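Novice: Structure below; questions to follow.
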Amino acid sequence: AKDADIGLNSAIRYELLSRGDDSHTKFYIDPISGDIRSMVTFNLDGGKTYGFDVKATDCEGSENGNSATTTVFIHVLPETKMILFVADREPITIEKKYPDIINYLSNTTDFDVKLAKLGPHLEGDVQETHSTDVFLYAVNKNNNEIVDTETLLDVFRKNSQQIVENLRSFRIRRIQGVTVQEKISQMGATEIAIIALSSVIFLGTVLAIALLCSSCKERKIRQRQTTWEQQNLYNIKNPLMAGPKSIYGSRGIPVGNISNYSCEGFGNGDYMESMNSFKRNGSILDGRSAHTEISAKSRQVSPPDGASALNPPRSPPYSERYSKTNLAVHDSNNDWYLC
């Protein structure tokens, strides 16, 4: 900024106005000279644009002084959009005399050539401390826009012999664009660590998701297997629930060998022994009278204490009342049922 006053009234002070973003944490403005500098690196912010307001006030920034405000935009240029000069001189020598390089290139190309950064040359993974990598870009003087990389590189190549000749004290070895491989080789340890950590986190997340899906699938398989085993065990313990109904309805016993079933209330061995005894003695019943006799014996009730067994009850015995409805069924498999 310029002020036509003299003395104290012409002393201008600059300040960066916050706009609610993080620009004020990344940039610093010298209050006297107005030079703007970055406070962080922008290696991972290539192509991003920052904008903020700068206020200039005369009378050394007094509240009563006149002021003006302007907006500043800063475009972070990716290194792949820069031009690389490789000089066979130490970085300290190039750093001291780089203004001579910038002025000559600006006059040759008719662009405002600027220095982005410089450092020891890297040839693959080997650092050459006696050579320097100089990264340059240019601004169009007419519209104040950054010159396209291909355009600037084409201008440098057309004047390469003249540039090398006039800058022979700097021993310019090569002029080229920055490739992806060279960009990676210029990355610092912090950048490489960040990329490596991000890759590990990504792979860990993918692995965790895969393990979770596999665990859910195995859990569902185990649940189905457990349900099947429980139902199968229930059917084994309750054969009447598993087999089909007999032809005599739901009260009949399913057709099959009696050895497959157990009777509640006494052991299976006793039951089988009793049934075999019936078969050996020809006791497979057929008809009304035999079944009536068994029913009468099995259902005979002893008189209570003090009662006489000589006095028959008035009503007929239980077996006689229901003898007409009780039948013995005998099938071809020597299985019998009482219905």
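Novice: Just to be sure, is G7 surrounded by fewer than 13 Cβ atoms within 10 Å (Cβ to Cβ) and either under 27 Å from P78 (Cβ atoms) or among the aromatic types (F, W, Y) (or both)? Full working, then the answer.
Specialist: On the way: surrounded by fewer than 13 Cβ atoms within 10 Å (Cβ to Cβ): yes; either under 27 Å from P78 (Cβ atoms) or among the aromatic types (F, W, Y) (or both): no.
Criteria not met by G7.
Novice: Can D22 be described as touching a strand residue (DSSP E or B) at 6+ places or on another chain (Cβ under 9 Å), among the charged types (D, E, K, R) and outside the structural domain of G177 (by TED's automatic domain parsing)? Please lay out each step first, then the result.
Specialist: Working: touching a strand residue (DSSP E or B) at 6+ places or on another chain (Cβ under 9 Å): yes; among the charged types (D, E, K, R): yes; outside the structural domain of G177 (by TED's automatic domain parsing): yes.
Spelling it out, D22 is indeed touching a strand residue (DSSP E or B) at 6+ places or on another chain (Cβ under 9 Å), among the charged types (D, E, K, R) and outside the structural domain of G177 (by TED's automatic domain parsing).
Novice: Which condition number in (1) of a type outside the set (A, V, I, L, M, F, W, C); (2) within 21 Å of Q162 (Cβ to Cβ); (3) modelled with pLDDT under 90 is the one that N107 fails?
Specialist: Going through (1) of a type outside the set (A, V, I, L, M, F, W, C); (2) within 21 Å of Q162 (Cβ to Cβ); (3) modelled with pLDDT under 90 one by one, N107 breaks only (3).
Novice: From the list D35, D58, which residue is free of Cβ contacts under 8 Å to residues at least 40 places away in the same chain, in the same structural domain as L17 (by TED's automatic domain parsing) and of a type in the set (D, E)? Quick ask: steps written out before the conclusion?
Specialist: Numbers: D58 fails: free of Cβ contacts under 8 Å to residues at least 40 places away in the same chain.
Criteria check complete, one pass: D35.
Novice: Tell me, please, whether a residue that is surrounded by 14 or more Cβ atoms within 10 Å (Cβ to Cβ), over 49 Å from the mean Cα position of the chain (by Cα) and at pLDDT 90 or above can be found in region 56-64. Break it down stepwise before answering.
Specialist: Of the residues in region 56-64, the ones surrounded by 14 or more Cβ atoms within 10 Å (Cβ to Cβ) are 56-62.
Filter once more, so that each one left must be over 49 Å from the mean Cα position of the chain (by Cα): 56-62.
Okay, now just the ones that are also at pLDDT 90 or above, so 56-57.
Yes, there is a match, as at least one residue in region 56-64 is surrounded by 14 or more Cβ atoms within 10 Å (Cβ to Cβ), over 49 Å from the mean Cα position of the chain (by Cα) and at pLDDT 90 or above.
Novice: Let me ask something additional. Any idea which of (1) in contact with a strand residue (DSSP E or B) (Cβ under 7 Å, 6 or more places away or on another chain); (2) charged (D, E, K, R); (3) within 28 Å of A116 (Cα to Cα) is the one D45 doesn't satisfy?
Specialist: If we test D45 against (1) in contact with a strand residue (DSSP E or B) (Cβ under 7 Å, 6 or more places away or on another chain); (2) charged (D, E, K, R); (3) within 28 Å of A116 (Cα to Cα), just (1) comes out false.
Novice: Does V147 count as within 48 Å of the chain's Cα centre (by Cα), among the hydrophobic types (A, V, I, L, M, F, W, C) and surrounded by fewer than 18 Cβ atoms within 10 Å (Cβ to Cβ)?
Specialist: It is false that V147 is within 48 Å of the chain's Cα centre (by Cα), among the hydrophobic types (A, V, I, L, M, F, W, C) and surrounded by fewer than 18 Cβ atoms within 10 Å (Cβ to Cβ).
Novice: Shifting gears a bit: Quick one: in region 67-92, of everything that is surrounded by fewer than 14 Cβ atoms within 10 Å (Cβ to Cβ), free of Cβ contacts under 8 Å to residues at least 24 places away in the same chain and not assigned by TED's automatic domain parsing to the domain that holds V139, which residue is farthest from Q127 (Cα to Cα)?
Specialist: T70
Novice: When E128 is evaluated against the numbered criteria (1) touching a Lys or Arg at 6+ places or on another chain (Cβ under 6 Å); (2) surrounded by 13 or more Cβ atoms within 10 Å (Cβ to Cβ); (3) not hydrophobic (A, V, I, L, M, F, W, C), which criterion, by number, is the only one it fails?
Specialist: The number of the failed condition is (1).
Novice: Then there is this: Grab the strands (runs of 3 or more DSSP E) fully contained in region 56-165, keeping just those with 3 or more residues being farther than 27 Å from E15 by Cβ.
Specialist: On the way: elements: 67-75, 83-87, 112-123, 126-139.
The strands (runs of 3 or more DSSP E) meeting that bar are 83-87, 112-123, 126-139.
Novice: Then there's this: Which number in (1) in contact with a Gly (Cβ under 9 Å, 6 or more places away or on another chain); (2) in a helix (DSSP H, G or I); (3) without any contact (Cβ under 8 Å) to a residue 12 or more places away in the chain marks the one condition that T41 misses?
Specialist: (2)
Novice: If we keep just the residues of region 25-42 that are in contact with a strand residue (DSSP E or B) (Cβ under 6 Å, 6 or more places away or on another chain) and among the aliphatic types (A, V, I, L, M), which is farthest from T70 (Cα to Cα)?
Specialist: The residue in question is M39.
The values are calculated or read from the model by the stated rules, or taken from the named source; none is laboratory data. All values derive from a computational prediction rather than experimental measurement. Don't worry about glycine lacking a Cβ; one is built from the backbone with ideal geometry, like all the others, and counts go over all protein chains shown.
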